[in-house]
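Taking it in order: structure first as structure tokens, then the write-up.
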Amino acid sequence: MTRSMARSGVKAGVKGGGAHHGTVNNDGRRVPRGKAAGTPRVTLIPGDGVGPEVIGAAVKVIEAVGVKIDWDQQLAGAIALRRFGSPVPDRLIDSLKSTKVALKGPLETRVGEGYRSINVYLRKLFDLYANVRPVRTQAGVHTPFRGVDIIVIRENTEDLYAGIEHQVAPGVVESVKIITARASTRIARFAFEYARTNHRRLVTAIHKANIMKLSDGLFLKCAQRVARDYRDIEYKEQIVDAACMRLVTDPQAFDVLLLENLYGDIVSDLCAGLVGGLGFVPGANYGKHGAIFETVHGTAPDIAGKGIANPVAAIKTGALLLDYLGHGSAGDRIRAAVNAVLRAGRVVTPDIGGKAGTTDMTAAVIRALK
Ligand code: NAD
């Protein structure tokens, strides 16, 4: 993918990992931006469940902020399976290969049956190894927690998500956890570069190396080696179960979290709970050559089609996309508008105690754009 990370909001250069300097926005923090050039072509994947509702909201806000994007809309997941007989049609892959950047809605993955996760497949296919999820307390959204400001950085390409599972004998199955020094080192370097560029103070590696001495032990060793190159940033380690407890008793003790794939997935949702729920947390998957922007939340089948999904996570994900495309000031305007609507608390969705629908809340964000 040719679109360089140098066009997104935060420097996230990965020295030694072979990556270049780029910018990954820190959800509202002022950071160096790239320069926009021409009308970018971006693959748009509405997704399943609430996907079309919230991605539609993000697209409307991007249009309203005045950034022109040439959207190449493609289907993936359950809807693509019904329409084209495959959850990852060739035309989707061709589009991603050509645009190298996507705004993507959540895709359904059945529990215990059906095709493997298309999300995991796409992240691996395009080697989008760094999943970044900024989680911040939001004024106007009432939760028992204050002052949460955590960046979850999750390794995206291996661990148990390698999907290597087989039946050894009837009633006995094996799932293989793959951890490599290469992937562990590059995600650690990404996390420290992110921390340095964004003036963050601490990287905490989360692990279970007391039990998985070889796999998580290797992940930790790689993180420790990388940490030595970043003496300006504090480095700590914490066992995942204790970290989960501490996250809900003392979330301010954390800053940047560095996690393997599975712990990263679980801890992301835990962190979303600290700031009001899954409707708030944006996300991005970055690789050396491209990026896919997607919310932390899934298809929310319980509310899909009801028009009440919180559009904030998707709208803020759209703002991260704009940072990446070199339209950081437009991204900031979107974040400011979202913050204003949440602070006012008048036009908000039921997940945060309001009565507004997705469309009304999106319209309120557009009205709040300055
Ligand atoms: P989910 O994130 O879809 O929903 C969990 C809970 O959060 C639900 O109660 C839901 O209503 C609520 N929620 C989620 N988004 C919301 C929003 N924008 N506004 C208000 N409430 C919201 O998780 P799940 O139910 O475990 O998974 C459903 C499906 O989504 C599964 O098929 C799963 O595989 C898929 N999934 C996809 C992705 C992705 O595409 N990246 C991520 C997570 C889950």
Working out 0.36 nm times the residue gap between residue 39 and residue 224, then minus their Cα-Cα distance, what length gain in nm do you get to one decimal? 62.4 nm
Give the distance, in whole Å, between the Cα centre of segment 108-178 and the Cα centre of segment 289-322. 16 Å
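Assuming 0.36 nm per residue, please report the length gained on full extension of the stretch residue 236 to residue 176 beyond their Cα-Cα distance. Intermediate values should be presented prior to the final figure.
Numbers: separation 60, 0.36 × 60 = 21.60 nm, distance 2.72 nm.
Result for the pair: 18.9 nm of gain on full extension.
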Calculated from DSSP helices alone, with each H run of at least 4 adding -39500 (n - 2.57) and the total divided by the residues of the chain, [θ]222 nm to the nearest 500 comes to -11500 deg cm²/dmol
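Quick one: Kirkwood hydrodynamic radius for segment 85-172, alpha-carbon pairs, angstrom, one decimal? Walk me through the intermediate numbers first.
Numbers: mean 1/r = 0.0610 Å⁻¹.
Over segment 85-172, the inverse of the mean reciprocal pair distance is 16.4 Å.
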Rounded FRET efficiency, nearest 0.05, which uses the C-beta distance separating residue 70 from residue 270 and R0 of 41 Å: 0.65
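Once the cut-off is 31 Å, how many percent of the Cα-Cα pairs in the chain end up in the long-distance tail? Walk me through the numbers on the way to the answer.
Values: 21029 of 68265 pairs.
Taking all Cα-Cα pairs of the chain, the fraction more than 31 Å apart is 31 percent.
Provide 121, 194 ordered by accessible surface of protein heavy atoms (probe 1.4 Å), highest first.
Working: 121 105, 194 0 Å².
Ranked list, largest accessible area first: 121, 194.
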Under 21 Å from residue 177, Cα to Cα: lysines that are on another chain or at least 8 residues apart: 124, 208, 213, 221
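For Cα pairs less than 8 Å apart in space and 6+ apart in sequence, what is the mean separation divided by the residue count of segment 119-269, i.e. the relative contact order in percent?
Once divided by the residue count of segment 119-269, the mean separation gives 29 percent.
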Check cross-link reach from residue 306 to the aspartates and glutamates: straight Cα distance under 15 Å, and skip same-chain residues fewer than eight apart. 48, 53, 351, 360
For the chain: relative contact order, % (alpha-carbon pairs under 8 angstrom, 6 or more apart): 25 percent
Relative contact order for segment 206-360, counting Cα pairs under 8 Å that sit 6 or more residues apart, in percent: 15 percent
Mean Cβ count within 10 Å, highest first, over the residues of peptides 320-331, 92-103, 169-180: 320-331, 92-103, 169-180
Taking residue 288 as the anchor, which aspartates and glutamates have their alpha carbon closer than 12 Å to its alpha carbon, excluding any fewer than eight residues away along the same chain? 127
Just the Cα atoms of segment 193-304: what Rg and Dmax do they give in Å? 15.2, 47
So for each of 242-254, 76-88, 270-282 I average, over its residues, the number of other beta carbons within 10 Å; can you give me the resulting order with the highest mean first? 270-282, 76-88, 242-254
Note down the magnitude of the dipole of the chain about its Cα centre, charges +1 on Lys and Arg C-beta and -1 on Asp and Glu C-beta and zero elsewhere, to the nearest 20 debye. 1280 debye
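The values are calculated or read from the model by the stated rules, or taken from the named source; none is laboratory data. Everything numeric here is computed off the predicted structure, so don't read it as measured data. Backbone-built Cβ (ideal geometry, glycine too); neighbour counts: all protein chains shown. Please note that ligands, DNA and RNA were not included when accessible areas were found on the heavy atoms of the full protein model with its side chains. Shrake-Rupley method; radii C 1.70, N 1.55, O 1.52, S 1.80 Å.
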